[in-house]
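Peer 1: One structure is given below, represented as structure tokens, and several questions about it will come after.
The values are calculated or read from the model by the stated rules, or taken from the named source; none is laboratory data. Keep in mind that what you see is a predicted model, and the values were worked out from it rather than measured. Here the Cβ positions follow ideal geometry from the backbone for every residue, glycine too, while neighbour counts run over all protein chains shown.
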Amino acid sequence: MGWYLFAGLLAAEAAAIAFARLKSGSARKIRSIVFIGPAAIFGLLLLIGAVQWGWRYYLLAAVLLAMLVSAGLNLFRPSKGHSTGRAGFWLGAAGRGLLFFAACLPVILFPPHPALLPTGPHPVARFEEVFSDSSRIDPYAPDGENRSLRVEFWYPADGQGTYPLVLFSHGSLGVRTSNETLYTELASHGYVIAAPDHTGQAFFTRGAQGQPIWIDQGYVNELIREDARNDPETSLRLYQKWMGIRVGDLNFLLDEIKARQSDPQAPAVYRLIDSERIGLIGHSLGGSAVLGLGRLRREVRAVISLEAPFMADIQSVQAGQFSFNPQPYPAALLHIYSDSLWGRMEPLPQYGQNLEYLRDEAPLTSEIYLQGATHLSLTDFGQTSPILTRWIDGQKTGLSAQEILTQINRISLAFFDCTIKGIGEWHVNEEALDCAGYAASQR
């Protein structure tokens with residue numbers, strides 16, 4: 001859509017240039033009529049619903065409105081002939097071309113896309129709240145404030161009884177809504193999902209008073225300079241710092257949710273939660289965080305890691321290599337990998353534990369390789385901005401964003417249904433899990 005709009009504006013500019021070079025007295029009026037065309041067409045597309053109004057069209061609409069006003073004034077202003085030199089004329093045309101590109105850029109980078117609708121029987125509602133942890137100082141807050149998190153819930157709107165709770169942790173530069181299509185799919189099938197913004201590590205969030213909070217620059221610098229292959233000691237210190245913050249966030253959130261279940265003044269969503277049946281999901285750094293939390297909480301029954309290393313399991317550096325926690329993982333575990341890492345983990349020391357799990361074939365651990373997916377396409381960002389996803393990941397996906405997200409939704413639902421609810425079936429290649437037997441053993 002964005003490229004079509006840009007091409008249409010360039011075509012209008014080319015037509016206007018052609019008319020502007022005419023020497024007849026009506027040239028400017030004809031040129032003004034040409035510029036009215038794009039604004040009229042855009043308005044018509046809005047009117048018939050071909051374009052859904054939203055933030056990505058704000059700048060374009062402003063430019064078209066300015067063109068429309070200018071054209072209207074020119075139609076009624078007496079003609080004075082051409083007074084602009086050749087260089088000024090072409091500079092003006094080039095400037096308008098750049099302006100048109102800038103106006104269309106939000107639509108190009110973030111094109112409209114069809115919603116991936118949930119498949120479950122429950123309508124989905126959402127609710128958000130800010131949690132404040134009085135026991136922790138926020139390392140990213142300038143004034144030594146307590147750590148606070150904006151948390152959003154997705155849950156069955158027609159909920160009766162209680163449902164398993166799933167906590168989600170976003171990636172290094174992500175936000176709480178990074179996998180919203182997955183949340184709505186799970187909620188439509190009878191789960192309550194809670195996803196926090198990890199303040200300071202989230203690209204953007206809002207504080208308790210609604211004030212904007214951007215990602216911490218010091219944290220970004222840490223991400224940039226971290227190099228586990230050449231400086232594992234520094235990497236370990238950073239991993240411990242990041243995991244301390246993130247696992248602490250999730251641990252605090254789980255405690256708060258449990259406390260609010262018994263509060264009669266708390267919103268109704270808390271009374272829908274069965275906090276003894278918990279699943280965890282995380283992407284990238286968030287995946288590392290949920291892998292860490294899964295070792296701490298007995299009520300966690302299943303964990304899904306979307307392409308993440310076992311950062312919280314690294315105990316030390318010995319002879320330049322990471323030493324990992326040797327204890328078996330205490331919950332059912334699913335790793336989902338993409339083209340970005342599958343077959344490429346060997347040189348990355350932080351993925352040493354992942355490789356061991358691949359080799360050991362532990363009975364409650366599964367690995368799935370989504371061929372055709374890339375790292376960021378495991379999130380909704382692959383659908384929100386295909387261009388930026390390809391640029392950041394450095395490679396093109398072999399599947400459409402909707403195909404990738406649909407597979408993640410289907411796999412995640414089947415895994416949680418089996419390991420948390422004890423229904424359905426779970427098998428990867430020749431690996432199978434007795435769903436009812438596993439869930440019964442966890443009660």
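Peer 1: Does any residue of segment 111-122 turn out to be surrounded by 18 or more Cβ atoms within 10 Å (Cβ to Cβ) and part of a strand (DSSP E or B)?
Peer 2: no
Peer 1: Tell me, please, whether a residue that is in contact (Cβ under 8 Å) with a residue 24 or more places away in the chain, of a type in the set (K, R) and closer than 30 Å to S366 by Cα can be found in segment 282-296.
Peer 2: There is at least one residue in segment 282-296 that is in contact (Cβ under 8 Å) with a residue 24 or more places away in the chain, of a type in the set (K, R) and closer than 30 Å to S366 by Cα.
Peer 1: Any residue at all in segment 411-420 that is more than 24 Å from F310 (Cβ to Cβ), crowded, with 21+ Cβ neighbours inside 10 Å, touching a strand residue (DSSP E or B) at 6+ places or on another chain (Cβ under 9 Å) and in the same structural domain as S188 (by TED's automatic domain parsing)?
Peer 2: Yes, that holds for at least one residue.
Peer 1: I'm trying to understand the selection: among the residues of segment 131-150, which are assigned to a strand (DSSP E or B), surrounded by fewer than 20 Cβ atoms within 10 Å (Cβ to Cβ) and of a type in the set (A, V, I, L, M)?
Peer 2: Once the filter is applied, which keeps residues that are assigned to a strand (DSSP E or B), surrounded by fewer than 20 Cβ atoms within 10 Å (Cβ to Cβ) and of a type in the set (A, V, I, L, M), segment 131-150 yields only I137.
Peer 1: Take the residues in segment 164-175 that are of a type outside the set (V, I, T) and buried (at least 24 other Cβ atoms within 10 Å of the Cβ); name whichever of them is farthest from P309 (Cα to Cα). Don't jump to the end; show me each part of the working.
Peer 2: First, pick out the residues of segment 164-175 that are of a type outside the set (V, I, T): 164-165, 167-174.
Still in the list and also buried (at least 24 other Cβ atoms within 10 Å of the Cβ): 165, 167-171, 174.
Details: L165: 23, L167: 18, F168: 16, S169: 14, H170: 14, G171: 12, G174: 17 Å.
Result: L165.
Peer 1: Which one of these is touching a residue at least 24 places away in the same chain (Cβ under 8 Å) and assigned to a loop (DSSP other than H, G, I, E, B): R229, R271? Before the answer, list the steps.
Peer 2: On the way: R271 fails: assigned to a loop (DSSP other than H, G, I, E, B).
Of R229, R271, the one residue that is touching a residue at least 24 places away in the same chain (Cβ under 8 Å) and assigned to a loop (DSSP other than H, G, I, E, B) is R229.
Peer 1: Out of the residues in segment 414-436 meeting the condition of being of a type in the set (G, A, S) and part of a helix (DSSP H, G or I), tell me which one is modelled with the highest pLDDT.
Peer 2: Among them, the one singled out is A414.
Peer 1: Right, next: So, in segment 377-400, of the ones that are of a type in the set (S, T, Y) and touching a residue at least 24 places away in the same chain (Cβ under 8 Å), which residue ends up farthest from H427 (Cα to Cα)?
Peer 2: So the first thing to find is which residues in segment 377-400 are of a type in the set (S, T, Y), and the list is 377, 379, 384-385, 389, 397, 400.
Applying the additional criterion that residues be touching a residue at least 24 places away in the same chain (Cβ under 8 Å) yields 377, 379, 384-385, 397.
Details: S377: 24, T379: 23, T384: 31, S385: 33, T397: 26 Å.
The extreme case among them is S385.
Peer 1: Here are some residues: G343, G287. Which one is in the same structural domain as L236 (by TED's automatic domain parsing), surrounded by 22 or more Cβ atoms within 10 Å (Cβ to Cβ) and under 25 Å from the mean Cα position of the chain (by Cα)?
Peer 2: Working: G343 fails: surrounded by 22 or more Cβ atoms within 10 Å (Cβ to Cβ).
Among G343, G287, only G287 is in the same structural domain as L236 (by TED's automatic domain parsing), surrounded by 22 or more Cβ atoms within 10 Å (Cβ to Cβ) and under 25 Å from the mean Cα position of the chain (by Cα).
Peer 1: Starting from residues that are more than 31 Å from the chain's Cα centre (by Cα) and modelled with pLDDT under 95, keep the ones in segment 309-330 and report whichever is farthest from T234 (Cα to Cα).
Peer 2: Filtering segment 309-330 for residues that are more than 31 Å from the chain's Cα centre (by Cα) and modelled with pLDDT under 95, the one farthest from T234 (Cα to Cα) comes out as Q327.
Peer 1: Looking at Q209, Q201, Q265, which is the one that is crowded, with 19+ Cβ neighbours inside 10 Å and either outside the structural domain of G352 (by TED's automatic domain parsing) or in a loop (DSSP other than H, G, I, E, B) (or both)?
Peer 2: The conditions single out Q201.
Peer 1: Moving on to the next point. Among the residues of segment 155-162, are any within 16 Å of the chain's Cα centre (by Cα) and either of a type outside the set (S, T, N, Q) or not assigned by TED's automatic domain parsing to the domain that holds Y239 (or both)? Spell out the reasoning first.
Peer 2: Taking segment 155-162 as the starting set, the residues that turn out to be within 16 Å of the chain's Cα centre (by Cα) are none.
Checked segment 155-162: no residue is within 16 Å of the chain's Cα centre (by Cα) and either of a type outside the set (S, T, N, Q) or not assigned by TED's automatic domain parsing to the domain that holds Y239 (or both).
Peer 1: Against the definition (assigned to a helix (DSSP H, G or I), surrounded by fewer than 22 Cβ atoms within 10 Å (Cβ to Cβ) and free of Cβ contacts under 8 Å to residues at least 60 places away in the same chain), how does R237 come out, yes or no? First the steps, then the outcome.
Peer 2: Values: assigned to a helix (DSSP H, G or I): yes; surrounded by fewer than 22 Cβ atoms within 10 Å (Cβ to Cβ): yes; free of Cβ contacts under 8 Å to residues at least 60 places away in the same chain: yes.
Judged against the criteria, R237 is a match.
Peer 1: Give me a count of the residues in segment 152-162 that are surrounded by fewer than 23 Cβ atoms within 10 Å (Cβ to Cβ) and aromatic (F, W, Y).
Peer 2: Looking only at that region, the number is 1.
Peer 1: Would you pick out the residues in segment 178-198 that are crowded, with 24+ Cβ neighbours inside 10 Å and either within 14 Å of I420 (Cβ to Cβ) or among the hydrophobic types (A, V, I, L, M, F, W, C) (or both)?
Peer 2: L182, L186, A187, Y191, V192, I193, A194, A195 - these are the residues of segment 178-198 that are crowded, with 24+ Cβ neighbours inside 10 Å and either within 14 Å of I420 (Cβ to Cβ) or among the hydrophobic types (A, V, I, L, M, F, W, C) (or both).
Peer 1: List, please: which pairs have Cβ atoms under 9 Å, are six or more places apart or on different chains, and start with a residue in segment 244-255 that is hydroxyl-bearing (S, T, Y) and end with one that is part of a helix (DSSP H, G or I) and surrounded by 20 or more Cβ atoms within 10 Å (Cβ to Cβ)?
Peer 2: Between residues of segment 244-255 that are hydroxyl-bearing (S, T, Y) and residues that are part of a helix (DSSP H, G or I) and surrounded by 20 or more Cβ atoms within 10 Å (Cβ to Cβ), there is no close pair.
Peer 1: Give all pairs with beta carbons closer than 6 Å in which a residue from segment 353-376 that is part of a helix (DSSP H, G or I) meets a residue that is among the hydroxyl-bearing types (S, T, Y); count only pairs at least 6 apart in sequence or on separate chains.
Peer 2: Note: pairs meeting the criteria are Y357/T365; L376/T389.
Peer 1: When the residues of segment 396-410 are filtered to those that are surrounded by 14 or more Cβ atoms within 10 Å (Cβ to Cβ) and part of a loop (DSSP other than H, G, I, E, B), which remaining residue is farthest from the chain's Cα centre (by Cα)? So that I can check it myself, show each step before the final result.
Peer 2: Step one: filter segment 396-410 for residues surrounded by 14 or more Cβ atoms within 10 Å (Cβ to Cβ), giving 397-409.
Now narrow it down to the ones that are part of a loop (DSSP other than H, G, I, E, B): 397-400.
On the way: T397: 16, G398: 19, L399: 18, S400: 16 Å.
That would be G398.
Peer 1: So if I check each of G352, G382, which one is buried (at least 19 other Cβ atoms within 10 Å of the Cβ) and out of contact with any helix residue (DSSP H, G or I) (no Cβ under 9 Å at 6 or more places or on another chain)? If you could, list the steps in order and put the result at the bottom.
Peer 2: Values: G382 fails: out of contact with any helix residue (DSSP H, G or I) (no Cβ under 9 Å at 6 or more places or on another chain).
None of the others qualify; the one that does is G352.
Peer 1: If the Cβ limit is 7 Å and pairs must be 6+ apart or interchain, which residue in segment 330-349 that is of a type in the set (D, E, K, R) pairs with which residue that is assigned to a loop (DSSP other than H, G, I, E, B)?
Peer 2: Here the result reads D339/Q371; D339/G372; D339/A373; D339/T374; D339/Q395, each pair linking segment 330-349 to a residue that is assigned to a loop (DSSP other than H, G, I, E, B).
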